[in-house]
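Let me begin by presenting the structure, written as structure tokens, before commenting on it.
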Amino acid sequence: MQYSRITYIELYKIFRNPRTYIAFSVVALVVGLIQLGFYTDGETYLEFGLRSLTDTFDLHGKILNGYLMAYIILQTLLVNLPLLVSLVAGDMISGEASIGTLRLILTKPISRNTLVMAKFTAAGIYTLVLLLWMAFWSLGISVLIFGADDMLILKSDMITQILSNDVLWRYIAAFGFAIIAMLTVASLSFFLSVFAENSIGPIMTSMSIIIVFTIINTLDLPIFNHIKPYLFTSHMLGWKGFFDIRVNENNEQIVGSIENLPGVLTSAGILILHILGFLWASIVVFKRKDILS
Amino acid sequence: MHIQVDQLTKEFGSFTSVHNLSFSVNAGEVYGFLGQNGAGKSTTIRMILSLIKPTHGSIKLFGKSIQTDREYILSRTGAMVEKPDLYKYLNAIDNMKIFSKYGGLSLSREDIMNQLAVVGLESRAHDKVKKYSQGMKQRLGIAIAMVNNPDLIILDEPTNGLDPQGITDIRNLILMLSREKKKTVVVSSHLLSEVEQIADSMLIINKGKKIVEGRVSDLLNPGKIQLEIETLNNEEAKLILSSSAWANSLNGNSMDKLIVEVNRTNIQDLSKYLVDHGVGLIGIKSVNSLEAYFLSLTSDHAV
């Protein structure tokens, strides 16, 4: 009862704060710009990219369609979304400390554990809504503008074709995975927020950690190969796995299949463990914390 | 008894902020908590409110321990700790709603307006807090402290940063809460003259240690007055007085100020004595008696 009441208050504060809508505006703006760019020059761009393929094959149908657009947008935007998630999650406790409301809240008859849980839930719901907003723009609006057809994904060594009736569930699964990935970022920022007395620190630290981990991921050095599987950033792009399809012995794609489902599930599991770990650590630290702000 | 603090100590690493502090606050009184900046007032108040965990000692409010009955105690307590900025993007009503919900209450708009009227903010209730002056924020902070109709209200430096009118408003508000609403009020301040005007009892601390505790009327001698005498040569004037019948009137350890405590009827005799003995008298002014008392106490305990 107390938990749901406080979660409601936290959500009310998040969605009444004008700063919250920066993230929503940025997503709409960036997606809109990408869509505008492809709407005007997309065909030329794809023609150039597919030149080697069209020399050999006849390609029919609408290659530049809403599904492909959504994939391009997700690849571009999901890398930058952690910053937008951190803006709110990193502010949940440190922001209250900096304006002096944290001590005011804690003079009311609520338990610290409940407050942390409620704030974390509210940050999670914000992340979820932000991802849904992104899904609406990147998939919903793209399909509306560019239409729907089979989806061609160009990779460095191969091209994957996904039939149009096999795409939508993959996007739903991919967005589900992206929610877990962004919740991991949110939980990291939230955890750092417990220590800080202004929100700049947690946001900057979260981004620094993600940048450093991402650099480690990209370096193909033996010393880093041992730790890569344990870095949450190694698993954040696991959503792409939903667009890798298995093929049968005739090299035909198997509708509804995922090439490496155990790998995708393992990545999701590791991310969930990170979320639970950061939440647990936040509760423990906050319960013992002296409120000096 | 609403607050009972025993042997309270708080250490931050090797620094002891509060040292074996014991005091009690009776129901219905205004209790002044005095000390210079850094004396340990805010740390003590934060421990009472369970914002900070004590290193040693016990705290009981309403006869229950803050460590074991925190939520019960806080349901009967309202507090404003230093200057809260509140949620600037919301108006006073929404701020009040949020904090009433944190307290488990669901106040109607009428209830909120009534509470805002108590602190004189009803006409600005719909304005966003970012448009408020510091004094208005302080008053809203007090309204939020009172949102659950508490028996005990704890205000940490409520007049800090306010202009004279704001200080007067807060003082009148505290007196009203005590006299009309029958609340127990604990007020911390380093503005000693403020506490003298509103407190029934007081505690003076310095460097985390208790200096004195008692009723303000007992601690001060109403028949006497503290005077600060300004002369052309204070050292010489002090020598003259110390070798006269006025020697016992000399007060305080300050070298650059000449402070005496005399009966009000003897002020004229004192000034005549100084002039007759060739002291170049520039002026005599009364100093706040509690302030002088406080300075003498804290300077005695300093270093």
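Among the residues of region B:199-215, how many are of a type outside the set (Lys, Arg) and surrounded by fewer than 19 Cβ atoms within 10 Å (Cβ to Cβ)?
Going residue by residue through region B:199-215, those that are of a type outside the set (Lys, Arg) are B:199-206, B:208, B:211-214.
Adding the requirement that they be surrounded by fewer than 19 Cβ atoms within 10 Å (Cβ to Cβ) leaves B:200, B:211-214.
Here the count works out to 5.
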- Query: Before we move on, is residue B:51 buried (at least 18 other Cβ atoms within 10 Å of the Cβ), modelled with pLDDT of 95 or more, more than 10 Å from chain A (Cβ to nearest Cβ) and under 24 Å from the mean Cα position of the chain (by Cα)?
  - Reply: no
- Scan region A:1-13 for residues that are surrounded by 13 or more Cβ atoms within 10 Å (Cβ to Cβ), of a type in the set (A, V, I, L, M, F, W, C) and within 11 Å of chain B (Cβ to nearest Cβ) and report the count. 2
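Being touching a Gly at 6+ places or on another chain (Cβ under 6 Å), assigned to a helix (DSSP H, G or I) and of a type outside the set (Asp, Glu): is that true of residue B:141 here? Before the answer, list the steps.
Working: touching a Gly at 6+ places or on another chain (Cβ under 6 Å): no; assigned to a helix (DSSP H, G or I): yes; of a type outside the set (Asp, Glu): yes.
In short, no.
Regarding residue A:8, is this residue assigned to a helix (DSSP H, G or I), among the hydroxyl-bearing types (Ser, Thr, Tyr) and free of Cβ contacts under 8 Å to residues at least 24 places away in the same chain? Before you say what the answer is, go through the steps one by one.
Values: assigned to a helix (DSSP H, G or I): yes; among the hydroxyl-bearing types (Ser, Thr, Tyr): yes; free of Cβ contacts under 8 Å to residues at least 24 places away in the same chain: yes.
Considered against the rule, which asks whether it is assigned to a helix (DSSP H, G or I), among the hydroxyl-bearing types (Ser, Thr, Tyr) and free of Cβ contacts under 8 Å to residues at least 24 places away in the same chain, residue A:8 comes out as yes.
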- Report whether or not residue B:154 is aliphatic (A, V, I, L, M) and within 12 Å of the chain's Cα centre (by Cα). yes
- Pick from A:293, A:257: which is outside any helix (DSSP H, G or I), out of contact with any Phe, Trp or Tyr (no Cβ under 9 Å at 6 or more places or on another chain) and exposed (fewer than 14 other Cβ atoms within 10 Å of the Cβ)? A:257
- Note on the structure: Per the list (1) part of a helix (DSSP H, G or I); (2) of a type in the set (A, V, I, L, M, F, W, C); (3) closer than 30 Å to residue B:120 by Cα, residue check on residue B:239 breaks on (3)
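Table: residues versus (1) at pLDDT 90 or above; (2) farther than 30 Å from residue A:95 by Cα; (3) surrounded by fewer than 19 Cβ atoms within 10 Å (Cβ to Cβ); (4) not polar (S, T, N, Q).
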site	(1), (2), (3), (4)
A:210	yes, no, no, yes
A:231	yes, no, no, yes
A:248	no, yes, yes, no
A:262	yes, yes, yes, yes
A:266	yes, yes, yes, no
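Of everything in region A:40-98 that's β-branched (Val, Ile, Thr) and assigned to a loop (DSSP other than H, G, I, E, B), which residue is modelled with the lowest pLDDT?
Let us first name the residues in region A:40-98 that are β-branched (Val, Ile, Thr), namely A:40, A:44, A:54, A:56, A:63, A:72-73, A:76, A:79, A:85, A:88, A:93.
If we keep only those that are assigned to a loop (DSSP other than H, G, I, E, B) as well, we get A:63, A:79, A:93.
Working: A:63: 83, A:79: 78, A:93: 95.
Among them, the one singled out is A:79.
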- Which of the residues belonging to region B:60-88 are farther than 23 Å from residue B:131 by Cα, surrounded by fewer than 19 Cβ atoms within 10 Å (Cβ to Cβ), more than 22 Å from the chain's Cα centre (by Cα) and more than 7 Å from chain A (Cβ to nearest Cβ)? B:63, B:64, B:65, B:67, B:68, B:69, B:72
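Identify the residue in region B:89-99 that is at the interface with chain A (Cβ under 7 Å from one of its Cβ atoms) and under 28 Å from residue B:47 (Cα atoms) and, among all such residues, is surrounded by the most Cβ atoms within 10 Å (Cβ to Cβ).
The initial filter retains those residues of region B:89-99 that are at the interface with chain A (Cβ under 7 Å from one of its Cβ atoms), namely B:89-90, B:98-99.
From what is left, the residues that are under 28 Å from residue B:47 (Cα atoms) are B:98-99.
Details: B:98: 23, B:99: 28.
That would be B:99.
Report yes if some residue within region B:183-200 is under 30 Å from residue A:12 (Cβ atoms) and at pLDDT below 90; otherwise report no. Explain how you work it out, then say what you get.
As a first pass, look at region B:183-200 and keep what is under 30 Å from residue A:12 (Cβ atoms): B:183.
Applying the additional criterion that residues be at pLDDT below 90 yields none.
So far as region B:183-200 goes, no, none of its residues is under 30 Å from residue A:12 (Cβ atoms) and at pLDDT below 90.
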- Taking into account only those residues within region A:16-56 that are without any contact (Cβ under 8 Å) to a residue 24 or more places away in the chain and among the aromatic types (Phe, Trp, Tyr), which is farthest from the other protein chains (Cβ to nearest Cβ)? A:48
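Among the residues that make up region A:186-198, is at least one of them within 14 Å of another protein chain (Cβ to nearest Cβ), of a type in the set (Gly, Ala, Ser) and part of a loop (DSSP other than H, G, I, E, B)? Steps first, answer last, please.
Within region A:186-198, the first condition is being within 14 Å of another protein chain (Cβ to nearest Cβ), and the residues that meet it are A:197-198.
Remaining after also requiring of a type in the set (Gly, Ala, Ser): none.
Taking every residue of region A:186-198 in turn, none turns out to be within 14 Å of another protein chain (Cβ to nearest Cβ), of a type in the set (Gly, Ala, Ser) and part of a loop (DSSP other than H, G, I, E, B).
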- Unique match (being among the polar types (S, T, N, Q) and farther than 22 Å from residue B:49 by Cα) among B:178, B:100, B:133, B:75: B:133
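Matching residues to (1) more than 14 Å from chain B (Cβ to nearest Cβ); (2) surrounded by fewer than 24 Cβ atoms within 10 Å (Cβ to Cβ); (3) assigned to a loop (DSSP other than H, G, I, E, B); (4) in contact with a Phe, Trp or Tyr (Cβ under 8 Å, 6 or more places away or on another chain):
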| residue | (1), (2), (3), (4) |
| --- | --- |
| A:109 | no, yes, yes, yes |
| A:135 | yes, yes, no, yes |
| A:140 | yes, yes, no, no |
| A:144 | yes, yes, no, no |
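The values are calculated or read from the model by the stated rules, or taken from the named source; none is laboratory data. Only a predicted model underlies this, so the values are computations on that prediction, with no experimental measurement involved. We place every Cβ from the backbone using ideal geometry, glycine too, and count neighbours over all the protein chains shown.
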